[in-house]
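Input: a single structure, listed below in structure tokens.
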Amino acid sequence: MKHGKLFAVVLLAALLAAAPLFLNAYQVDVLNSIGLYGLLALGLNLILGEAGLFNMGHAAFYAVGAYTAAILNTRYQIPILWTLPLSGLTAGLFALVVARPVVHLRGDYLLIVTIGVGEIVRIALVNDIFGMTGGANGIFGISRPQLFGIVIRRPWEFFYLIWGCVALTIFLFLRLKQSRFGRALNYLREDEVAAEGSGINTAYYKLAAFGLGAAWAGMAGTLFAAKMTIISPESFNFWESVVLFMIVILGGAGNIAGVLLAAFLVIGLPELFREFASARMLVFGLVMVVMMVFRPRGLLPARGGRFSPVTLARGRG
Amino acid sequence: MMEAPSAVSSRPAITATPLLTLQGLTKTFGGLTAVDAVSFVVEEGSVVGLIGPNGAGKTTVFNLITGNYRPDRGRIEFAGTSLAGLRTHRIIALGIARTFQNIRLFQRLTVLENVLAGCHYQMRGGILAAMLRLPSQRREENDAMGRALKELEFVGLRQQALILAKNLAYGDQRRLEIARALATRPRLLVLDEPAGGMNEQETEALIGLISRIRARGITILLIEHDMRLVMRACEKLVVLENGGKIAEGSPEQVRRDPKVIEAYLGTEDEA
């Protein structure tokens, strides 16, 4: 990384870390929403951005994670943050089960099927499936998260919890990108036949992308349940999936910085334009159209270059 | 850019062991029989050319070998193993690598990343190893990068390692596909029209490259329309027409075969 870029990243991170000092509770809460959507979008980015699989049902995995956490917490009194790995696992397994029969579908066909999955999950939740989801009212009374003996309840406390998770995710996903696994997802996106013909088990990597992306959505679901203390099916409707899809495409599919920037714009801007009331979505839609015309590959398009001349020297002959 | 073309004059003695055996291979699409009971053998260490007019079924034979299609009848055996029912990536792992007639590179990835695809199946590191950047994972990545760079050196693209594949010149894209295939450490390399769209100079360089690949002990099966290349590079030719095999033998034999002449030039009474 060039020094100027490194400096900019450090400066931005420091500014963000200090944000609760000069922002009011409402503004910090908006940042918390941005962080949650950022986490969800980074997970979706693995599926949609890196592997090129059109998933417009990401909210389903988010919901599975949130409900797993809520049920474990309210019925079995498991501390909400402890449910984090389990809700990730549940959402990931759920994704594997639903993706297994449909993952061979291409492009728009997969898109339609995933929309269906999202709707089925939402309707199942409304219908109080297994008698555990509380129907349309959802689940309430989820306990506050506790970290190192401190109960997290105020916006700025959640801010550090959520953005800490975002930072960890960036760290892990950047490493993943620089690996055999990360490259395999890109080969899949670029040319499936050539990928299989180069010895890559394309069916396996498609499922792995779904599983990992969904696991991240599941863990974001836990954070959401902890933050709201009440969850209902309406939080996981089709529009959420659309927004996440939009964030990934708008930001630059396959680019972590781009996806986070888009999360700021898509979630943050409508809050800034609250005065315009109902017109804000109109303005927002217009901006999207203009964007897609002038920057079809996203705000920050993914660059192919994983390696610099310096890293090349590491290759031993 | 590449080494001077060396005519394939001093050929190593061919061992008679068959590496790839096709027997009674048949594939139909709807009512059309694309490949009709084709049998031939590719001996270990040889360069075999598969030729024939357009639509003769050559590429279909390739797609059957690499598992892109399933044969309706017949057997394919590679080094004593039946390839029946194996998915493509398993066949690649057994030691068959291929290139495509219409170049299929990972366009928006770098030249180096394209070649690393070939190293993929020989690596082990999973999601967790990558996220934790375990020492074993780093070692493996560095080794793979070294191997990929070596293959790029071999085909003469080392200097272009960090540019995007789509920005390569056409002939270089073909050579990159070969480098990617070589990175899978194949015993048999299957080339689908490697000289397609190449100019005379590039074709010359390709003939040199093929003989150097062969010198590494890799067996080659190729489809080609450029007869100069076929005559110089191959010691055995198999001729297909309308899905069936019409001739097999040395380039000299095949060139004189009346059936082959008819297939390529048509009979007099057709005119």
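So A:Ala8 ticks every box in (1) touching a Pro at 6+ places or on another chain (Cβ under 7 Å); (2) free of Cβ contacts under 8 Å to residues at least 24 places away in the same chain but one. Which box is left unticked? Among (1) touching a Pro at 6+ places or on another chain (Cβ under 7 Å); (2) free of Cβ contacts under 8 Å to residues at least 24 places away in the same chain, the lone unmet condition for A:Ala8 is (1).
Can you find a residue in region A:164-181 that is crowded, with 18+ Cβ neighbours inside 10 Å, within 22 Å of A:Arg106 (Cα to Cα) and within 8 Å of chain B (Cβ to nearest Cβ)? Yes; the residues of region A:164-181 include at least one that is crowded, with 18+ Cβ neighbours inside 10 Å, within 22 Å of A:Arg106 (Cα to Cα) and within 8 Å of chain B (Cβ to nearest Cβ). All but one of (1) more than 12 Å from chain A (Cβ to nearest Cβ); (2) touching a residue at least 40 places away in the same chain (Cβ under 8 Å); (3) in a helix (DSSP H, G or I) hold for B:Leu222; state the number of the condition that does not hold. Exception for B:Leu222: condition (3). State all residues of region B:150-197 that are small (Gly, Ala, Ser), part of a loop (DSSP other than H, G, I, E, B) and out of contact with any strand residue (DSSP E or B) (no Cβ under 8 Å at 6 or more places or on another chain); if no residue qualifies, say none. Hits for region B:150-197 are B:Gly156, B:Ala169, B:Ala183, B:Ala195, B:Gly196, B:Gly197. I'd like to check something: does region A:82-90 contain any residue that is farther than 19 Å from A:Phe224 by Cα and either polar (S, T, N, Q) or over 20 Å from the mean Cα position of the chain (by Cα) (or both)? The answer is no, given that none of the residues of region A:82-90 is farther than 19 Å from A:Phe224 by Cα and either polar (S, T, N, Q) or over 20 Å from the mean Cα position of the chain (by Cα) (or both).
Considering only residues of region A:77-136 that are among the small types (Gly, Ala, Ser) and at pLDDT below 90, which is surrounded by the fewest Cβ atoms within 10 Å (Cβ to Cβ)?
Quick first cut of region A:77-136, residues among the small types (Gly, Ala, Ser) only: A:87-88, A:91-92, A:95, A:99, A:107, A:116, A:118, A:124, A:131, A:134-136.
Okay, now just the ones that are also at pLDDT below 90, so A:107, A:131, A:134-136.
Details: A:Gly107: 10, A:Gly131: 7, A:Gly134: 20, A:Gly135: 14, A:Ala136: 12.
If we take residues in region A:77-136 being among the small types (Gly, Ala, Ser) and at pLDDT below 90, then A:Gly131 is surrounded by the fewest Cβ atoms within 10 Å (Cβ to Cβ).
Would you be able to tell me the number of residues in region A:268-316 that are part of a helix (DSSP H, G or I) and either more than 14 Å from chain B (Cβ to nearest Cβ) or modelled with pLDDT of 80 or more (or both)? Number of matching residues: 24.
The listed residues are B:Ala195, B:Ala148, B:Ala205, B:Ala165, and the only one of them that is closer than 24 Å to B:Met231 by Cα, of a type in the set (Gly, Ala, Ser) and surrounded by 23 or more Cβ atoms within 10 Å (Cβ to Cβ) turns out to be B:Ala195. Pairs only if they're at least six apart or on different chains, beta carbon under 8 angstrom, first in region B:149-162 and at the interface with another protein chain (Cβ under 7 Å from one of its Cβ atoms), second small (Gly, Ala, Ser) and crowded, with 19+ Cβ neighbours inside 10 Å; list them, first residue then second. Close Cβ pairs satisfying both conditions: B:Leu149/A:Gly315; B:Leu149/B:Ala161. Of all residues in region B:225-262, how many are assigned to a helix (DSSP H, G or I) and on the phi > 0 side of the Ramachandran plot? The total comes to 0. Using the structure shown, decide if B:Leu19 is within 14 Å of another protein chain (Cβ to nearest Cβ) and not in a loop (DSSP other than H, G, I, E, B). The answer is no for B:Leu19. Condition check for A:Ser241 on (1) more than 10 Å from chain B (Cβ to nearest Cβ); (2) hydroxyl-bearing (Ser, Thr, Tyr); (3) over 30 Å from A:Ala124 (Cβ atoms): one failure, at (3). Annotation: B:Ile213 fulfils all but one of (1) hydrophobic (A, V, I, L, M, F, W, C); (2) surrounded by fewer than 24 Cβ atoms within 10 Å (Cβ to Cβ); (3) in contact (Cβ under 8 Å) with a residue 40 or more places away in the chain; (4) not in a loop (DSSP other than H, G, I, E, B); the unmet one is (3).
Conditions tested, residue by residue: (1) of a type in the set (S, T, N, Q); (2) crowded, with 24+ Cβ neighbours inside 10 Å; (3) in a helix (DSSP H, G or I).
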{"site": "A:Ile47", "(1), (2), (3)": "no, yes, yes"}
{"site": "A:Phe54", "(1), (2), (3)": "no, no, no"}
{"site": "A:Val64", "(1), (2), (3)": "no, yes, yes"}
{"site": "A:Ala70", "(1), (2), (3)": "no, yes, yes"}
{"site": "A:Arg75", "(1), (2), (3)": "no, no, yes"}
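Kindly establish whether B:Ala130 is facing another protein chain (nearest Cβ under 10 Å) and under 22 Å from B:Leu221 (Cβ atoms).
Numbers: facing another protein chain (nearest Cβ under 10 Å): yes; under 22 Å from B:Leu221 (Cβ atoms): no.
Judged against the criteria, B:Ala130 is not a match.
From B:Gln101, B:Gln137, B:Gln107, grab the single residue that is surrounded by fewer than 19 Cβ atoms within 10 Å (Cβ to Cβ), at the interface with chain A (Cβ under 9 Å from one of its Cβ atoms) and touching a helix residue (DSSP H, G or I) at 6+ places or on another chain (Cβ under 8 Å). Answer to the selection: B:Gln107.
The values are calculated or read from the model by the stated rules, or taken from the named source; none is laboratory data. Keep in mind it's a predicted model, so treat the numbers as computed, not measured. Neighbour counts run over all protein chains shown; Cβ positions are idealised from the backbone, glycine included.
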